[in-house]
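In what follows, a single structure is set out as structure tokens and then discussed.
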Amino acid sequence: MEIVIGDTSAVGSPTVKEGRTGGLVEAKVLNIRAPRKRKVNTTVWKDKRRKEKYGHDPGDGRIMVLLVPDGYKIPKDIETREYKVLMRFIPKRG
């Protein structure tokens, strides 16, 4: 006779949770800074400069560094820039 009151999970690799393409993701703000300033393009360095891949920072923008504690909620292909990110700011209570 075997009496089992509580059962432990099986030994092995932890379950991997896939990133979702929607839903609510909570993040913590680590840093906020002003946008980068554009450098003057001189003819001497024009052919040696790297091409601007994604354009420049808008002058009235802000750069935010966010920490997402549950990283599995972020899609794995987020670097493809195929996603639109919407933010909602909620004040902390207490």
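The values are calculated or read from the model by the stated rules, or taken from the named source; none is laboratory data. Just so it is clear, the model here is predicted, and its values are computed rather than measured. Here the Cβ is made from the backbone with ideal geometry for all residues, glycine too, and neighbour counts use every protein chain on show.
A few points about this structure:
- Subset of segment 4-39 (residues that are modelled with pLDDT of 65 or more and either of a type in the set (D, E, K, R) or not in a loop (DSSP other than H, G, I, E, B) (or both)): ASP7, GLU26, LYS28, VAL29, LEU30, ASN31, ILE32, ARG33, ARG36, LYS37, ARG38, LYS39
- Members of segment 73-94 found to be over 11 Å from the mean Cα position of the chain (by Cα) and in a helix (DSSP H, G or I), listed by number: THR80
- Where a residue in segment 67-79 is modelled with pLDDT of 90 or more and exposed (fewer than 12 other Cβ atoms within 10 Å of the Cβ) and its partner, wherever it lies, is in a loop (DSSP other than H, G, I, E, B) and hydrophobic (A, V, I, L, M, F, W, C), with Cβ under 7 Å and at least six apart: LEU67/ALA27
- Scan of segment 40-66 for residues that are at pLDDT below 90 and in contact with a Lys or Arg (Cβ under 8 Å, 6 or more places away or on another chain), ordered by number: ASN41, TYR54, HIS56, ASP57
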